[in-house]
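Participant: Pasting in a structure now, in structure tokens, and then I'll have a few things to ask.
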Ligand SMILES: Nc1ncnc2c1ncn2[C@@H]1O[C@H](COP(=O)(O)OP(=O)(O)OP(=O)(O)O)[C@@H](O)[C@H]1O
Ligand SMILES: [Mg+2]
């Protein structure tokens with residue numbers, strides 16, 4: 001009796017979750033469209049954009065540097081000895097240079113921002129929903145999309161690529177430090193950066209910036225939407241934050257694959 | 001929004017056979033009433049009878065399951081209608097924006113719609129805070145205030161709109177008796193001065209009987225009586241008498 005009951009429940013929950021997912025995707029696209037349509041009102045909201053930008057920069061810049069240093073370092077550590085074994089350690093600079101700007105910087109920074117900023121956005125908007133602040137805005141004929149979503153979306157879309165611009169050279173430096181000081185690798189600074197300059201083009205950096213821009217829109221809209229649909233009390237806010245972060249990270253990683261294919265396709 | 005789009009007349013409200021359930025919980029079971037333009041209408045009723053839910057329908061925050069809310073004959077669900085009237089609501093929980101200062105909260109409507117230059121907004125904000133007895137608190141954050149002070153800030157925020165239709169959800173529930181009288185007078189004078197249509201939800205019998213043009217009694221999801229304060233007093237329906245005359249019986253003397 002009990003196993004059958006539980007199986008039935010699970011099946012029902014599964015279908016319910018699926019419907020909910022489609023509903024959410026639809027709502028997110030609509031919210032994104034509404035945000036685009038309110039873009040012409042951006043100038044009025046500029047102060048809020050600056051506030052958000054300051055908050056993002058303040059919260060993330062130091063973390064970005066530390067994280068990037070270690071990412072660059074660990075790529076060097078993993079690949080260096082293998083390339084040395086095969087006698088092609090001279091390509092290390094270019095390889096780390098490319099991986100950093102096309103893949104690691106945009107993806108890792110997006111994940112960092114999802115955890116650091118996306119969570120804050122969904123918590124803030126979620127608590128405004130739960131405590132009827134959004135209702136109050138609506139009674140004053142103030143559109144929550146314009147007032148809350150728009151400035152956050154613009155700020156995150158500007159800030160994430162900016163963080164990636166910081167992240168890339170710091171990552172390169174991390175790789176260089178490991179290559180130079182690790183006795184097994186022993187590729188010095190000059191050789192490393194010589195190769196990096198030969199291989200990495202401006203287009204590759206732009207590639208990473210474009211990706212991060214798309215990731216920023218995804219994290220922003222998912223977090224704002226999750227905030228807006230928050231129900232219940234403090235526990236509902238907690239649930240929203242978790243969902244916003246997890247969904248953002250999943251979407252970042254899936255989008256990354258398709259964006260990469262798209263960029264490879266147009267670069268051919 | 002500009003003033004040019006605003007409808008010149010004050011708004012009359014018509015609620016027609018409003019039904020609303022939350023899951024299995026049927027809250028409003030066919031509520032109908034009419035508020036004339038410029039009227040001061042008070043809705044009374046026991047806790048949990050659906051008064052707050054009713055007000056949220058009137059201002060368009062909740063969608064009815066069935067039935068209609070008409071503002072001068074046009075549905076409140078139509079976004080264009082909401083742009084045509086200046087409306088405001090004072091929430092039971094105040095619903096101040098906790099990330100803004102008291103002054104920013106009170107001036108929010110004017111700043112967001114860019115209706116006045118900043119210096120003028122500051123003057124209006126300070127005048128409205130004065131009206132609710134909170135002068136000079138512009139720079140405080142809402143969470144530094146008591147519940148009753150927050151309620152008064154919310155009232156000031158609603159008054160700034162210079163509304164044609166204003167809804168008060170329990171405006172005096174957290175106030176001491178003296179402040180409750182002040183706020184009651186403020187509501188009464190607002191109605192007399194601007195001829196705004198005022199809808200008040202309250203348990204406060206003194207408030208209701210002293211300011212209302214008409215009183216409606218909501219009980220178990222239905223309006224059971226509508227009439228002038230004198231008619232309410234005269235009515236012999238036990239449900240109404242019980243509510244209107246409920247007293248704490250003198251337990252001590254026994
Ligand atoms: N968002 C909601 N979801 C589910 N149920 C709700 C919701 N809002 C209100 N209710 C239910 O509707 C009923 C009426 O609530 P409402 O807040 O309107 O009562 P009220 O008359 O304002 O009471 P009080 O005088 O205590 O404020 C309650 O049973 C409440 O549980
Ligand atoms: Mg209530």
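Participant: For the ranges B:49-62, A:37-50, what's the packing order if you count other beta-carbon atoms within 10 Å of each residue, average per peptide, and put the highest first?
Facilitator: On the way: B:49-62: 21.4, A:37-50: 13.4.
Descending mean neighbour count gives B:49-62, A:37-50.
Participant: Another one. Given chain B reduced to its alpha-carbon atoms as identical point scatterers, what log10 I(q)/I(0) does the Debye formula return at q = 0.08, 0.11 Å⁻¹?
Facilitator: -0.32, -0.61
Participant: Which semi-axis lengths, in whole Å and largest first, follow from the square roots of five times the eigenvalues of the Cα gyration tensor of segment A:51-173? Intermediate values should be presented prior to the final figure.
Facilitator: Numbers: eigenvalues 340, 26, 20 Å².
Gyration-tensor ellipsoid for segment A:51-173: 41, 11, 10 Å.
Participant: Averaging over all projection directions, find the projected area of the Cα convex hull of segment A:38-266 and quote it in nm² with one decimal place.
Facilitator: Details: hull surface 55.8 nm².
Orientation-averaged projected area of the Cα hull: 14.0 nm².
Participant: What does the structure give for B:68-77 when I average, per residue, the other chain Cβ atoms found within 10 Å of the residue Cβ?
Facilitator: On the way: counts 0, 0, 0, 0, 0, 0, 0, 0, 0, 0.
The per-residue average across the peptide is 0.
Participant: What spacing in nm lies between the two simple spin-label points modelled at residue B:245 and residue B:17, each 7 Å away from Cα in the Cβ direction?
Facilitator: 3.7
Participant: Just the Cα atoms of segment B:95-146: what Rg and Dmax do they give in Å?
Facilitator: 10.5, 30
Participant: Taking each residue in B:94-102, count the Cβ atoms of any other chain within 10 Å of its Cβ, then average. What number comes out?
Facilitator: Going residue by residue through B:94-102 and averaging, the value is 4.
Participant: Alpha carbon centre of segment B:130-155 versus segment B:5-67: separation in Å?
Facilitator: So the separation of the two Cα centres works out to 28 Å.
Participant: Okay, next question. What relative contact order, as a whole-number percentage, does segment B:20-151 give when Cα pairs under 8 Å and 6 or more residues apart are counted?
Facilitator: On the way: 96 pairs, mean separation 23.4, N = 132.
Result for segment B:20-151 is 18 percent.
Participant: Using helices alone, what [θ] at 222 nm do you get for the protein assembly as shown, with -39,500 (n - 2.57) per DSSP H run of 4 or more residues, divided over all residues and rounded to the nearest 500?
Facilitator: Details: 19 runs with 308 residues, N = 522.
The per-residue figure over the protein assembly as shown is -19500 deg cm²/dmol.
Participant: Using only the Cα atoms of the protein assembly as shown, construct the convex hull and provide its projected area averaged over every direction, in square nanometres to one decimal.
Facilitator: Details: hull surface 143.1 nm².
Here the figure is 35.8 nm², rounded to one decimal.
Participant: Which length gain, in nm to one decimal place, applies between residue B:77 and residue B:176 when the Cα-Cα distance is subtracted from 0.36 nm times their residue separation?
Facilitator: 32.0 nm
Participant: Using a basic spin-label model with each label point 7 Å from the Cα along Cα→Cβ, how many nm lie between residue B:130 and residue B:226?
Facilitator: Modelled inter-label distance: 3.9 nm.
Participant: Sticking with this one: Please report the relative contact order for segment A:38-266, taking Cα pairs under 8 Å with a sequence separation of at least 6, and give it as a percent rounded to a whole number. Show your work: numbers first, answer last.
Facilitator: On the way: 321 pairs, mean separation 81.2, N = 229.
In percent, rounded to a whole number, it is 35.
Participant: Right, something else. Across peptide B:86-93, how many C-beta atoms of other chains are within 10 Å of each residue C-beta, on average?
Facilitator: Values: counts 2, 3, 4, 6, 2, 6, 1, 5.
What the average comes to for B:86-93 is 4.
Participant: Using 7 Å Cα-to-Cβ label points, what is the residue B:66/residue B:25 separation (nm, one decimal)?
Facilitator: For residue B:66 paired with residue B:25, the spin-label model returns 2.2 nm.
Participant: Any chance you could give the angle, 0 to 90 degrees and rounded to 10, that helix A:189-199 forms with the longest Cα principal axis of chain A?
Facilitator: Approximately 60 degrees, to the nearest ten.
Participant: What is the antiparallel percent of DSSP beta bridges lying wholly in the protein assembly as shown, to the nearest 5? Don't jump to the answer; show the numbers that get you there.
Facilitator: Working: 21 of 38 bridges.
Around 55 percent of the beta bridges assigned by DSSP in the protein assembly as shown are antiparallel ones.
Participant: Another question, if that's okay. May I ask for the percentage of alpha-carbon pairs in segment B:146-254 that lie more than 25 Å from each other?
Facilitator: Everything past 25 Å amounts to 29 percent.
Participant: What do you get for the angle between helix B:118-131 and the principal long axis of chain B? Use alpha-carbon atoms, 0 to 90 degrees, nearest ten.
Facilitator: That helix lies at roughly 30 degrees to the long axis.
Participant: Still on this structure, please answer the following. Expressed as an acute angle from 0 to 90° and rounded to the nearest 10, what is the orientation of the C-alpha long axis of helix B:177-194 relative to the principal long axis of chain B?
Facilitator: In chain B, helix B:177-194 runs at an angle near 70 degrees to the longest axis.
Participant: For segment A:202-268, compute Rg over Rh where Rg is the Cα radius of gyration and Rh is the Kirkwood radius from the inverse mean 1/r over Cα pairs.
Facilitator: That ratio equals 1.15.
Participant: Using Cα-Cα distances under 8 Å and only pairs 6 or more residues apart, what relative contact order does chain B have, in percent? Don't jump to the answer; show the numbers that get you there.
Facilitator: Values: 471 pairs, mean separation 66.6, N = 254.
Result for chain B is 26 percent.
Bear in mind these aren't lab numbers, they're just calculated from the coordinates by the rules spelled out. The shown structure was predicted, so the numbers you read here are calculated from the model rather than taken from an experiment. Neighbour counts are summed over all protein chains in view; Cβ atoms, including those assigned to glycine, are modelled from backbone coordinates with ideal geometry.
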